[in-house]
Amino acid sequence: MNFIFKQLPFFFKECWDAFLENEKKIEIITARPKEKNDEFKRSKPLRVKSNVLNNTDRQKKLEEREINLVTIWGKLENEYFPGDKNLSIYSITWAKRYSKRNLAYCDYQKKRVVVSPVMNNIKLLHMLEPLIYHEMCHAKLGEPKRVRGRYIYHGKDFHKLEALHPFIKEFNDWIHNGGWANAKRVYARKMSSR
């Protein structure tokens with residue numbers, strides 16, 4: 001590996017040493033000289049691939065996101081539905097893919113709530129709690145009733161239960177006044193810039 005450092009500029013060696021000090025793994029991809037005495041050719045650009053996030057780090061990041069949702073779910077469950085065993089069965093996770101239509105959904109068969117990754121934003125944290133409470137109301141009431149061939153997801157019982165949360169009105173206003181649409185645009189821009 002020392003033969004590379006003789007051929008590379010000094011500043012790159014300093015970067016390399018800095019990465020080694022931080023215990024980051026670096027994979028060097030370079031074009032090798034044709035002969036031993038041949039000078040290093042810069043016809044192909046030198047690329048450095050940094051494996052800063054390995055699989056365990058990615059898993060920890062995912063767990064941190066999940067723990068955040070689970071913490072909010074547990075807080076709401078203890079505050080509004082203490083002792084309800086039906087809600088403790090449910091799990092809550094971030095959706096793996098972006099959805100244009102749903103903020104979140106409650107899956108009654110799998111006993112889980114899935115939240116859109118659009119809501120995984122510090123600026124939207126104040127709207128995450130009422131959203132999770134909304135989905136918790138769906139989980140509490142169970143499968144929707146069917147009236148005249150249509151499922152009633154947001155009936156009178158649902159609205160009475162939902163009205164117990166102090167920020168539900170603010171949350172509904174945020175959705176109807178374009179907050180959700182703006183959050184989707186911000187998320188789409190962020191994903192397209194990657």
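Only the coordinates and a few stated rules stand behind these numbers; no lab work does. Keep in mind the model is a prediction, meaning the values are calculated, not measured. Cβ: placed from backbone, ideal geometry, glycine included. Neighbour counts: every protein chain shown.
To the nearest Å, what is the center-to-center distance of segment 147-194 and segment 64-129, using C-alpha atoms only? Their Cα centres are 13 Å away from one another. With contacts taken as Cα pairs under 8 Å at a separation of at least 6 residues, segment 126-179 carries a relative contact order of 39 percent. For R146 and T93, the difference between the fully extended length at 0.36 nm per residue and the C-alpha to C-alpha distance is 16.3 nm. Protection proxy ranking for 73-79, 84-90, using the average of other Cβ atoms within 10 Å per residue and placing the highest first: 73-79, 84-90. Coupling constants for segment 119-132 follow from the phi torsions by the Karplus curve (6.51 cos²θ - 1.76 cosθ + 1.60, θ = phi - 60°), and in residue order they are 7, 7, 9, 4, 5, 9, 4, 5, 8, 5, 5, x, 5, 5 Hz; glycine and proline get x.
With N counted as the residues of segment 74-194, its alpha-carbon radius of gyration over 2.2 N^0.38 Å works out to 1.10.
Fully extending the segment from H126 to Y108, taken as 0.36 nm per residue of separation minus the present Cα-Cα distance, adds 3.9 nm.
For R112, nonlocal amide neighbours, meaning residues 5 or more places apart or on other chains whose placed amide H falls under 5 Å from its own, are S91, D107. Remark: spin-label model distance H159-K75 equals 2.9 nm, labels positioned 7 Å along the Cα→Cβ axis.
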